[in-house]
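Beneath this line is the structure, given in structure tokens, with notes to follow.
The values are calculated or read from the model by the stated rules, or taken from the named source; none is laboratory data. A quick note: this is a predicted structure, and the numbers were derived from the prediction, not measured. So basically every Cβ, Gly included, is an ideal-geometry build from the backbone, and we count neighbours across all protein chains shown. Note: accessible area is taken over every heavy atom of the protein model, side chains too, but ligands, DNA and RNA are not part of it. Shrake-Rupley method; radii C 1.70, N 1.55, O 1.52, S 1.80 Å.
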Amino acid sequence: MKLLFIITKGLEKSGSAIRALQIAALTAEQGHPVEVFLIDEAVHWAQGIKAAYGEGLSDYVDMLSKGGHPIFVCKSCADKRLIGPNDIIEGTAMATLPTLVEKIASPDYKVLTF
């Protein structure tokens, strides 16, 4: 079973967002299949922003990507915030909401939302 972490929080709730990224990365590091999907304000993490205390997605992207654990950025959420494919950090990829819906509906995934 794959664990799908859906993260919605941006800088306004950076503690929760960073904790979710940390849990996803540690879960992946322990050998579990993990995918991360950033939606709503969380798409800004893919731009490489950092929380006030200095952590960001870039601190965990290596732990996730080296094991083949994808980090998706909601394309429509990014479009609404004028974020394009060239604006996101290496190790992340744009994906559509229908892609997210397929994952949520699949019995192969356990969904965790933060």
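Computed values, structure above
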{"quantity": "Segment 21-111: relative contact order in percent, alpha carbon pairs under 8 Å with at least 6 residues between", "calculated": "29"}
{"quantity": "For the chain: span of alpha carbons on each principal axis (Å, largest first)", "calculated": "33, 29, 23"}
{"quantity": "Those chymotrypsin sites (Phe, Trp or Tyr not before Pro) in segment 15-97 that DSSP places in a loop and that have at most 11 other beta carbons within 10 Å", "calculated": "Y53"}
{"quantity": "Rg over Rh, two decimals, segment 64-114 (C-alpha only, Kirkwood Rh)", "calculated": "0.99"}
{"quantity": "For the chain, accessible area per residue (1.4 Å probe, heavy atoms of protein chains only), Å²", "calculated": "51"}
{"quantity": "Alpha-carbon centroids, segment 12-34 and segment 64-80: separation in whole Å", "calculated": "14"}
{"quantity": "Of all accessible heavy-atom area on the chain, the percent that carbon and sulfur account for (1.4 Å)", "calculated": "55"}
{"quantity": "Sites E29 and D87 - FRET efficiency at Förster radius 30 Å, r taken between beta-carbons, to 0.05", "calculated": "0.65"}
{"quantity": "Sparse-neighbour loop sites [GluC sites (Glu not before Pro); segment 1-91; at most 11 other C-beta within 10 Å; DSSP]", "calculated": "E90"}
{"quantity": "For A51, residues with placed amide H under 5 Å, excluding near neighbours", "calculated": "G56"}
{"quantity": "Difference of contour (0.36 nm per residue) and Cα-Cα distance, E102 to E12", "calculated": "29.6 nm"}
